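Contents: one structure, followed by commentary.
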């Protein structure tokens, strides 16, 4: 899912202006790892020293939150200045669903959008659980990057994303041929902020891979599942509350099939089915994500025997990957009688 054309990058909080975590691959070693680990330890020591300096200013709750923030690093903005910004008017919490758009992958022929959601604490300072999915078609494995040590403080969220995508075949073969790796796990950092002035009051931000992953060719790694895309080194994301509407998509479920109307100038539609209970419990809430082209207007959901509460979200994009339609439906399937 390369992402070539998009709007100007989102401005995110300075707390992650120096992201240094790259790609963590189990069983991997060597000079690059040693260099990364040394830099990691250097920054960690700086943050620990800063934390000790301001520790006596903090309440018990703030101390707990600062310990978490320390683990994801605040290299440029001192911890006390950051905590001074905590106010009772923190960004709104709840389930936010949206999309990411990859940047600078060098491939203009693939799809550059993917699905993302965050379950954000209602408190001024609290936890953030979420998932990033590169799934374009149902034949792909439903694997995601999950939030790891992610927190919300006031109008900002910060944390890590980790996990594997598709099958081990997706990653550049140098990691397998030279290191004999079987279970790759990508690790990256992300940040975002709450924009009360923007339409729909979204959480906006970005995530970035630091180890030269931009331009890596990916595939589903499965026979008869011909999904090919290029992993961008960086991605911007936008996520919205489920009552947000953009355009007139006329989203509805008819005879257990999701149907919609494409806005004018639609090039692609990203449809997500999210198990709300799983999303709220920090499990993988994505049941299926699928990308459709302009002429397609129906999605076949996953339906199990047990009645389950789902959010169905349709997002329409123009040829420049700009969002031109958004609508969500929350309902139980199978339908109760």
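Summary of packing: across the peptides 104-110, 198-204, 150-156, the per-residue average of other C-beta atoms within 10 Å ranks them, highest first, as 150-156, 198-204, 104-110.
As a proxy for reagent exposure, ranking 143, 307, 228, 234 by other Cβ atoms within 10 Å from fewest up yields 307, 228, 143, 234. Per-residue packing, averaged as other Cβ atoms within 10 Å, sorts the ranges 186-196, 215-225 into the order 186-196, 215-225, beginning with the highest. Here the gap between residue 92 and residue 297, fully extended at 0.36 nm per residue and compared with their Cα-Cα distance, gives a gain of 70.6 nm. Listed from fewest to most Cβ neighbours within 10 Å, the set 277, 112 follows the order 277, 112.
Read-outs: derived from the displayed coordinates by stated rules, not from any lab. Remember, predicted model here, so these are calculated numbers, not experimental data. So basically every Cβ, Gly included, is an ideal-geometry build from the backbone, and we count neighbours across all protein chains shown.
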